[in-house]
Every structure is written in C-alpha cells, then in structure tokens.
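The values are calculated or read from the model by the stated rules, or taken from the named source; none is laboratory data. Predicted model, so just to flag it, every value in this text is computed and none were measured. No Cβ is skipped: glycine too gets one built from the backbone with ideal geometry, and neighbour counts run over all protein chains shown. Protein only, heavy atoms only, side chains kept; ligands, DNA and RNA dropped before computing areas. Shrake-Rupley method; radii C 1.70, N 1.55, O 1.52, S 1.80 Å.
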Amino acid sequence: MGVFKSFIFFAIIYCCTCNSMTINTTILPKFPAFYVFGDSVFDTGNNNYIKTIFKANYRPYGQDFNGGVPTGRFSNGKLIPDMLASALKIMDRVPPYMDPNLSDNDLITGVNFASASAGFDEKTSILTNAISISKQIEYFKEYITRLKGIVGEKNATKIINDALVLIDGGTNDFTFNIYDIPTRRLEFTAVQYIDFILHKVENSIKELYDLGMRSFIVAGIVPIGSIPLQTSTKYIDPFILTYSLDEQNKNSIIYNDKLIKLLIRLQQSLPASKIVYNDFYYTVMDMINNPKKYGFEETKNGCCGSLIFKQGILCDSFTRPCKDPSKHLFWDRIHVTSTAYQYIANSMMHNVLPKFLH
C-alpha cells in the first residue's frame with residue numbers, strides 16, 4: 001500500500017491517580033495525510049460555513065479548546081480526528097474543508113469533510129441542509145484537483161494512495177428517518193433500512209477506493225437508544241411503527257455486525273486495500289455501565305443544558321454548563337465530552353491503528 005511504518009515501542013500507561021489514560025507514542029503506522037468523512041462526531045467546523053441550524057460556533061461549545069473560542073466542534077474540546085491526527089504526527093487538528101482560508105500546507109496533509117447532522121442517506125441531510133456523505137465525496141473530488149495544482153499529479157496520487165481515511169455515519173440516518181422523524185418509516189422497517197444504509201456505505205467506500213484511497217477506518221454506530229436525546233424524550237407517535245429504546249440498541253448491534261461482514265468482504269474484493277472496523281457501540285456502553293472506570297459521575301444527562309428548550313438537542317448560550325465536563329460522559333444530548341472522545345481515540349490507537357502495520 002506504500003504506507004511507511006514506524007516501529008517505536010507501543011505502550012499504554014494508565015494513570016490511576018487522575019482517572020485518565022495517557023498514551024506514550026506508539027508503534028503506529030505513518031501516513032502522509034488524513035481525510036475525514038462523516039457527521040457531527042467528526043465535524044471540526046464545516047457547518048460553520050453552510051446554512052444549517054446545526055452549528056457549534058458559540059459558547060459553551062469549545063470552551064476547553066482553542067482558548068475557549070468556539071471552532072464548530074460539537075463538544076467542549078478536541079474531537080477524535082484531531083486526537084488521531086496528532087498521535088499520528090500529521091497535524092495537531094484537522095481543518096474543515098469548507099474553511100475558505102485553508103493554506104496549501106493544510107491541503108497537503110489532509111482535511112475534514114464531515115458535516116454535523118449528515119448521513120449516508122441523502123434525505124437525512126436534506127432535513128437540515130447538512131453536507132451528505134455523498135456530497136462530501138464530491139468535495140473530495142474537487143479537493144484532488146486542488147491538490148494536483150499544488151504538488152503535481154504524481155505526488156497527489158501518492159499522497160492519496162498512502163493516506164488514511166476515517167469514516168463514520170448512520171446514527172443520524174436512523175434518528176432522522178426511522179426513530180424520531182419518520183421520513184422513511186413507511187418505506188422501510190428498521191431492519192430493512194439497515195441494509196439500505198449499508199448499501200450506501202459500500203458505494204461510498206468503493207467510490208473513495210476508485211479515487212485512490214486504500215487505508216480506511218470505518219466506524220460503527222453508537223447505542224442510539226442510550227443517548228440522552230432518546231432516553232429523556234417521551235414520544236407521542238401517530239405512525240404505525242414505533243421502536244423502544246431496547247429495540248433501537250438491538251438495531252445498532254445488527255447494523256454493526258452486518259457492517260463488519262461488509263468491510264471484510266470489501267477488503268477481499270478491493271486489491272491492496274486495508275479496511276478496518278472501529279467499534280463505538282460497546283465502548284460507549286461500557287462507559288455508561290461502568291462510569292467509575294473512566295472517572296465519570298454522570299452518564300445520563302449532558303454537561304451543558306438548554307434553558308429555553310428543555311428538550312433541545314444542543315446547548316444554548318445562556319445556560320451555564322456543569323463545572324467539570326470530565327466527570328460527564330455526555331456534553332449535550334447527543335455528543336460526548338472531549339474526555340470521552342479521548343478514551344475512544346486511545347482505544348483506536350491501541351486496537352485499530354496498529355492493524356495497518358500488517
């Protein structure tokens with residue numbers, strides 16, 4: 001695959017006294033660039049530059065990062081792409097592609113195309129005017145042209161061939177189209193919709209492969225029935241099909257199991273590819289079920305609240321957030337705190353990234 005490899009000793013040190021996990025730089029692969037596609041879990045600011053109601057460009061978002069100046073990240077600090085890019089020594093933070101002030105150096109080492117409230121299903125993004133994952137790939141094609149103009153076609157091809165791609169999505173598809181807003185419920189049952197979304201995942205990976213990508217990390221979906229947005233809301237649903245919180249979590253497991261099988265099949269069919277699954281479901285569930293293990297004291301409610309809309313999805317700028325976000329699993333009613341993201345990123349560094357060395 002042309003991926004250079006570093007053979008530094010890999011060690012993870014658990015700091016018991018501070019309830020945190022520190023990583024000593026690992027036996028990690030080396031990539032010349034890093035590209036990100038997905039939703040708000042990975043969006044480092046693209047939604048700042050589009051007309052959408054889903055933005056995180058105001059306090060308290062980002063209060064513990066960038067000097068407290070909001071960047072559009074849906075948490076109190078850095079996100080997983082920033083943490084991975086830093087650990088891989090590619091960049092300290094992954095810039096959003098939609099930022100009009102990107103430098104040539106920014107473009108050379110990779111950019112982020114993820115958009116909050118996006119999904120693999122185009123209908124998901126229509127509801128909020130987010131950048132769907134299929135549209136993100138169109139922007140990536142535009143990016144390739146820009147990259148060739150900076151480094152030349154040969155070098156651009158090599159950068160893309162040797163780069164790492166991080167992809168997530170699916171959660172918004174289910175909440176927007178099946179569970180909370182029944183956009184697709186008359187067309188699909190939840191199980192049928194799983195196959196519909198996975199077909200789009202497959203097409204997305206194949207399209208990126210055809211554009212030169214070879215190294216992929218593809219994330220599964222979270223336990224949707226356990227996030228505060230779902231657990232704290234009581235629905236009055238006039239439609240035919242409804243799904244309990246347990247059913248929502250069961251469907252997440254079914255989706256992830258099928259995704260794993262799909263990724264294995266894709267890797268076998270796409271020469272020189274390395275496609276690795278990353279779990280979100282069991283990692284988040286472990287945080288919910290074993291909070292003391294991670295130093296959490298609150299796993300049901302978000303750290304930041306909504307004074308105006310008690311059932312609002314995001315934080316508002318009027319309500320003071322909790323005093324110590326590191327004690328909270330969730331930041332708002334969907335997204336976790338930067339502390340939780342760090343645990344997830346550390347797990348990826350330990351369990352996922354080393355797979356690219358083989």
In this structure, is residue 325 buried (at least 19 other Cβ atoms within 10 Å of the Cβ), over 29 Å from residue 189 (Cβ atoms) and modelled with pLDDT of 95 or more?
yes
Residue in region 40-47 that is at pLDDT 95 or above, of a type outside the set (S, T, N, Q) and surrounded by fewer than 22 Cβ atoms within 10 Å (Cβ to Cβ) present
no
I'd like to check something: does region 69-77 contain any residue that is surrounded by fewer than 24 Cβ atoms within 10 Å (Cβ to Cβ) and over 11 Å from residue 44 (Cα atoms)?
yes
Answer with yes or no whether residue 156 is among the aliphatic types (A, V, I, L, M) and either buried (at least 24 other Cβ atoms within 10 Å of the Cβ) or within 23 Å of residue 82 (Cβ to Cβ) (or both).
no
Going by the conditions given, is residue 316 without any contact (Cβ under 8 Å) to a residue 60 or more places away in the chain, in a loop (DSSP other than H, G, I, E, B) and closer than 28 Å to residue 53 by Cβ?
yes
What are the residues in region 310-356 that are out of contact with any helix residue (DSSP H, G or I) (no Cβ under 9 Å at 6 or more places or on another chain), over 27 Å from residue 215 (Cα atoms) and not aromatic (Phe, Trp, Tyr), if any?
310, 312, 314, 315, 316, 317, 319, 320, 321, 322, 323, 324
Output the helices (runs of 4 or more DSSP H) that fall wholly within region 184-299 and possess 3 or more residues being open to solvent by 10 Å² or more (accessible area, probe 1.4 Å) and closer than 26 Å to residue 358 by Cα, or say none.
190-210, 245-269, 281-289
Identify the residue in region 300-322 that is open to solvent by 40 Å² or more (accessible area, probe 1.4 Å), under 21 Å from residue 40 (Cβ atoms) and of a type in the set (A, V, I, L, M) and, among all such residues, is modelled with the lowest pLDDT.
308
Looking across region 112-147 at residues that are open to solvent by 80 Å² or more (accessible area, probe 1.4 Å) and more than 15 Å from residue 200 (Cβ to Cβ), the single one that is modelled with the lowest pLDDT is 127
Looking at region 165-183 only, could you name the residues that are more than 17 Å from residue 336 (Cβ to Cβ), part of a helix (DSSP H, G or I) and open to solvent by less than 10 Å² (accessible area, probe 1.4 Å)?
173, 174, 177, 178
Taking region 82-100, which residues are in contact with a Pro (Cβ under 9 Å, 6 or more places away or on another chain) and open to solvent by 50 Å² or more (accessible area, probe 1.4 Å)?
93
Tell me, which helices (runs of 4 or more DSSP H) lie completely within region 41-140 with 2 or more residues that are free of Cβ contacts under 8 Å to residues at least 24 places away in the same chain and either touching a strand residue (DSSP E or B) at 6+ places or on another chain (Cβ under 7 Å) or of a type outside the set (S, T, N, Q) (or both)?
122-128
For region 334-346, name all the residues that are open to solvent by 40 Å² or more (accessible area, probe 1.4 Å) and over 11 Å from residue 78 (Cα atoms).
334
Total residues in region 38-56, condition under 18 Å from the mean Cα position of the chain (by Cα) and on the phi < 0 side of the Ramachandran plot
12
